[in-house]
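Take a look at the structure set out below.
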Amino acid sequence: MFSYMFSVQKFSSKWRIISSKTETLTPRHLWLSSSDNCHTGPDVVIQPNKQKGARNTQVTKRPQKQRSSCQTVLNHFDQQYSRELGDLWTPARSVLLDPHSWQYGVLLNRFAVVKDIKESLQSQGFSTLLPQTDASMFLSDVPTASSSKYQAENCTVNSKCPSGDSHVQLEDSYHAPSQLPQSDPSLSLTCSLLQCYIHPYPLRFPSQAHRPGHLKQYYLLNAASLLPVLALQVRDGEKVLDLCSAPGGKALAIMQCATPAFLCCNEPDPHRRDWLAKTLESFLPHSLNSKVNVSAQDGRSFGQSNAGTYDKVLVDAPCSNDRSWLYSPSGQQGEQRLKERAKLPVLQAQLLRSALLAVRPGGIVVYSTCTLSSSENYAVVEAVLNDCPEAEPEDLWEEIAVPLSNCFTFSKAHHGHEKTQYSTVSSYQNRLGILVVPQPRRTWGPMFLSRIRRRK
């Protein structure tokens with residue numbers, strides 16, 4: 001079996017954490033129900049058409065299962081989100097109720113040979129989400145698929161994109177595959193090594209099976225889930241903490257962007273931690289064993305035991321996953337989840353405070369969720385800022401929302417949120433965070449992200 005360590009040792013064919021003692025973060029049913037993987041797609045896929053003697057370059061649809069929404073949850077969403085999102089809620093509602101319309105991103109693995117995958121994606125009309133730069137200019141001592149060991153090419157993708165627009169476009173004309181909107185290359189976005197391909201149609205590549213000893217070539221995800229990683233601005237040689245890491249998609253994205261001196265992937269739940277370890281094993285080479293660690297600490301107390309240790313901390317917090325919760329299998333489970341929803345902001349604030357303790361003075365914390373709920377997004381950030389005078393929110397609108405407004409729909413104003421010191425002054429109105437709202441032909445999200453710097 002593939003002996004992948006990550007400061008995790010193999011024991012009786014299982015992965016055993018050898019870091020600090022595991023504590024229970026929250027009642028397991030609440031943790032799991034609020035931590036569904038909302039950034040990868042359902043079992044239904046659209047995959048290349050396989051023809052004997054020919055390459056897989058055509059896309060065909062597999063019969064799709066019908067999913068029924070939970071009326072209890074939908075009624076609650078209608079009441080809350082129509083107030084908080086205003087006119088954005090009606091089209092967002094239509095997207096959430098139509099899983100067949102959901103778009104998927106393909107995140108390429110820079111540690112694997114991906115030339116054939118790139119060619120297949122490009123032939124089917126996929127295009128890069130971010131402007132690409134020749135990877136050889138940025139690679140450090142970590143071997144990648146472009147090294148002689150892997151015998152793969154260094155590929156530069158030149159994207160022709162329209163200029164960035166500071167106004168969010170709520171409606172636009174349909175784009176053919178060859179005209180897929182992309183980010184504005186004239187605006188500086190970090191993570192130039194990160195290669196994610198997107199398509200205007202809801203096409204999805206088949207998932208690659210886990211094979212011990214072999215690296216996967218790509219990871220399927222909701223492309224909006226990459227935005228918190230972009231906001232984190234990870235650089236080579238930094239110490240990074242992914243506080244709520246499972247199932248591992250954002251940890252993988254971090255490693256696609258840079259080569260940290262150390263990446264700690266924390267996950268208290270043992271089952272999700274096994275999932276996390278397998279994800280890391282499937283995508284990262286042996287050379288990174290000493291740089292990536294899987295820990296099992298209670299995220300709420302992590303900062304106290306590791307105060308000022310990290311340069312960057314990501315808190316992708318457990319949340320009321322809108323995409324998943326809307327399809328609760330029964331009204332009873334939907335009601336139970338809605339009751340649990342009220343408890344989440346307390347947990348989320350505890351995790352964010354812990355992250356601010358774990359980051360060094362001058363370091364950055366990014367808080368993110370995959371819900372539209374203001375009480376789990378803006379309100380959590382604001383509550384923590386009021387308690388932590390050393391924390392300073394940073395405006396992500398010009399840095400992320402503007403250059404990516406051709407690909408995502410961002411909600412600039414948070415309707416129904418009480419105005420305070422951080423929202424009454426125009427210069428502060430976006431500092432609490434930005435929200436990606438699913439819309440027709442731009443079905444990415446929900447995704448909220450906020451960046452906070454700890455003052456020196």
*Is it the case that segment 302-312 has a residue that's within 15 Å of residue 228 (Cβ to Cβ) and modelled with pLDDT of 95 or more?*
yes
*asked:* Quick test of your reading of the structure: residue 103 fulfils all but one of (1) assigned to a helix (DSSP H, G or I); (2) touching a residue at least 24 places away in the same chain (Cβ under 8 Å); (3) in contact with a Lys or Arg (Cβ under 9 Å, 6 or more places away or on another chain). Name the failing condition by number.
replied: (1)
_Filter result for the condition that a residue is within 18 Å of the chain's Cα centre (by Cα), of a type in the set (Val, Ile, Thr) and modelled with pLDDT of 95 or more, over 346, 365, 359_ = 365
_Residues of segment 261-279 that turn out to be open to solvent by less than 10 Å² (accessible area, probe 1.4 Å) and in a strand (DSSP E or B), as a count_ = 4
*Report, ordered by the first and then the second residue, all pairs with beta carbons closer than 6 Å, sequence separation of six or more or different chains, a first member in segment 364-389 that is open to solvent by 20 Å² or more (accessible area, probe 1.4 Å), and a second member that is part of a helix (DSSP H, G or I).*
375/345; 383/349
*Matching residues in segment 282-340 - criterion: being in a loop (DSSP other than H, G, I, E, B), under 30 Å from residue 77 (Cβ atoms), open to solvent by 30 Å² or more (accessible area, probe 1.4 Å) and among the small types (Gly, Ala, Ser)*: 330
*Take the residues in segment 176-188 that are open to solvent by 30 Å² or more (accessible area, probe 1.4 Å) and in contact with a Pro (Cβ under 9 Å, 6 or more places away or on another chain), then tell me which one is modelled with the highest pLDDT.*
188
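Yes or no, residue by residue, for (1) buried (at least 19 other Cβ atoms within 10 Å of the Cβ); (2) modelled with pLDDT of 95 or more; (3) out of contact with any Asp or Glu (no Cβ under 8 Å at 6 or more places or on another chain); (4) within 23 Å of residue 221 (Cβ to Cβ):
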site: 52; (1), (2), (3), (4): no, no, yes, no
site: 56; (1), (2), (3), (4): no, no, yes, yes
site: 63; (1), (2), (3), (4): no, no, yes, no
site: 67; (1), (2), (3), (4): no, no, yes, yes
site: 84; (1), (2), (3), (4): yes, yes, yes, no
site: 92; (1), (2), (3), (4): yes, yes, yes, yes
site: 117; (1), (2), (3), (4): yes, yes, yes, yes
*For residues that are under 12 Å from residue 311 (Cβ atoms) and crowded, with 24+ Cβ neighbours inside 10 Å, tally how many sit in segment 235-253.*
2
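The values are calculated or read from the model by the stated rules, or taken from the named source; none is laboratory data. Computed from a predicted model, the values in this text were never measured in an experiment. Every residue, glycine as well, gets a Cβ built from its backbone with ideal geometry; the counts of neighbours run over all protein chains shown. With ligands, DNA and RNA removed, areas are computed over all heavy atoms of the protein, side chains included. Shrake-Rupley method; radii C 1.70, N 1.55, O 1.52, S 1.80 Å.
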